[in-house]
Amino acid sequence: MKVGVVGAGLVGATAAYAMTLRDSCSELVLVDKDVKRARAEAQDIAHASPISHGARVSSGNYASLEGSKVVVIAAGANQQPGESRLDLLAKNAAIFRELIAQITQAAPDAVLLIATNPVDILTQLTVQLAPGSAVLGSGTVLDSARFRHLMAQHAGVDATHVHGYVLGEHGDSEVMAWSTATVAGLPIEHFMKERGRQWTADIRSEIEAGTRDAAAAIIEGKRATYYGIGAALARIVERIVGDRRAVLTVSAPTPEFGVCLSLPRIVGAGGVQDTVMPNLTKEEKQALKASAGVLKKAVSSL
Ligand code: NAD
């Protein structure tokens, strides 16, 4: 199963590395306008292959994407300290206008998985630029992981057994949907009370801020984020190539909101197969609508 990665910078290369270690695919091709960088990253990652699962890792040009089941797109500028994701829009939209046609020409049947920020708007743009392709964005898969990680720290439970979704924009207006948060199948509040653990409005606010501001804090300390998103991209790719029908908060066209945003989606062969609308509170519904409004405004500026 072949997977392409366009944009072999920190995010693209880390996703390729994660896919190599996790056995997400049998063949990986890295493409970047910086040909030397793509070649060097592919070589470095290829050296991990014989001591993991033997994937064939190489670099190439757009034509080398032929036959890819999924093409991950992580090309473009990343946030600088103090910049929001929406600040990147003009720069990265111009890059997408240049590269989407080249990708779809080489790999017309590939599912296009967008990681470049602002991810929801660029997913929307890609839907327009590639009407014949299945398109999804990494959306809030990473944010939901950050949310779960922080809840797990308070719950004292393995994070894989803590669930909860971040919805809407992958960005400042995202919605931490507390009504979806569960630990061991119990609503989180119930779990915390039962176990005698502290669970206050302040703790919830701290978790919300920690989730929303995680990227800014990491960028401040090490200039970019890539391990979390690398693992998230590998997971999404695996779910598509293996037709796993996993529930992931990827970004996709959402007719009731008129824009691409994240909701729990069933992800399998061909990308998004269905959407599962959670049972949200009135406040969460309003916040989600507001988040869609922010995205629609940004899309209209394209
Ligand atoms: P980076 O600068 O390390 O890499 C970007 C790569 O894109 C570079 O190698 C560059 O040569 C390449 N590139 C630029 N224009 C190109 C073109 N026209 N064709 C082919 N390649 C091109 O940046 P990064 O840290 O890897 O971040 C990449 C993107 O991912 C950014 O937009 C960043 O904000 C985003 N990101 C998204 C998430 C998420 O959750 N979706 C998380 C982290 C970062």
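Tabulated values for the structure
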| quantity | calculated |
| --- | --- |
| Accessible surface of the chain [probe 1.4 Å, protein heavy atoms]: carbon and sulfur percent | 51 percent |
| Tally of Lys pairs whose C-alpha atoms are under 22 Å apart, taken over the chain, 8 or more apart or cross-chain | 11 |
| Estimated vicinal HN-Hα couplings, Hz - segment 14-21 in sequence order (Karplus 6.51, -1.76, 1.60; Gly, Pro = x) | 5, 4, 5, 5, 4, 5, 5, 6 |
| Per-residue HN-Hα couplings for segment 151-163 [Karplus 6.51, -1.76, 1.60; θ = phi - 60°; Hz; x = Gly/Pro] | 5, 5, 4, 6, 7, x, 10, 3, 4, 6, 9, 10, 10 |
| Other-chain or far-sequence residues with amide H under 5 Å of E66's (modelled H) | none |
| Counting DSSP beta bridges with both ends in the chain, the antiparallel % (nearest 5) | 50 percent |
| Solvent exposure of segment 171-302 as accessible area per residue, Å², 1.4 Å probe | 51 Å² |
| Debye, to nearest 20: dipole size of segment 128-210, +1 on Lys, Arg Cβ, -1 on Asp, Glu Cβ | 280 debye |
| Local electrostatic count at L28 - Lys and Arg +1, Asp and Glu -1, tallied over other residues with Cβ under 11 Å | 0 |
| Top of V237, V127, V11 by mean-square fluctuation, Gaussian network on the chain, Cα under 10 Å | V127 |
| Where only alpha carbons of segment 120-273 are counted, the Rg and the Dmax (Å) | 16.2, 53 |
| Rg and Dmax of the chain, Cα atoms only, in Å | 18.7, 59 |
| Rounded if a/c under 1.5, otherwise prolate or oblate - segment 20-70, Cα gyration tensor axes | oblate |
| Directionally averaged shadow of segment 1-89, computed from the convex hull of its alpha-carbon atoms, nm² | 6.0 nm² |
| Calculated Rg and Dmax of segment 182-302 using C-alpha coordinates, Å | 17.2, 51 |
| Per residue, in Å², the accessible surface of segment 1-134 once ligands and nucleic acids are set aside, probe 1.4 Å | 43 Å² |
| Alpha carbon centroid spacing (whole Å) that separates segment 226-266 from segment 110-149 | 7 Å |
| 5 angstrom amide H check on V72, placed H, neighbours 5+ away | G4, V5, V6, L113 |
| Cα-centre dipole for the chain with unit charges at Cβ (Lys and Arg positive, Asp and Glu negative), debye to 20 | 200 debye |
| Folded to 0 to 90 degrees: helix 282-300 orientation relative to the chain principal axis, Cα | 30 degrees |
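The values are calculated or read from the model by the stated rules, or taken from the named source; none is laboratory data. Not measured: the values here are computed from a predicted model. All Cβ positions, even for glycine, are placed from backbone atoms using ideal geometry, and neighbour counts span all protein chains on display. Only protein heavy atoms, including side chains, enter the accessible area calculation; ligands, DNA and RNA are left aside. Shrake-Rupley method; radii C 1.70, N 1.55, O 1.52, S 1.80 Å.
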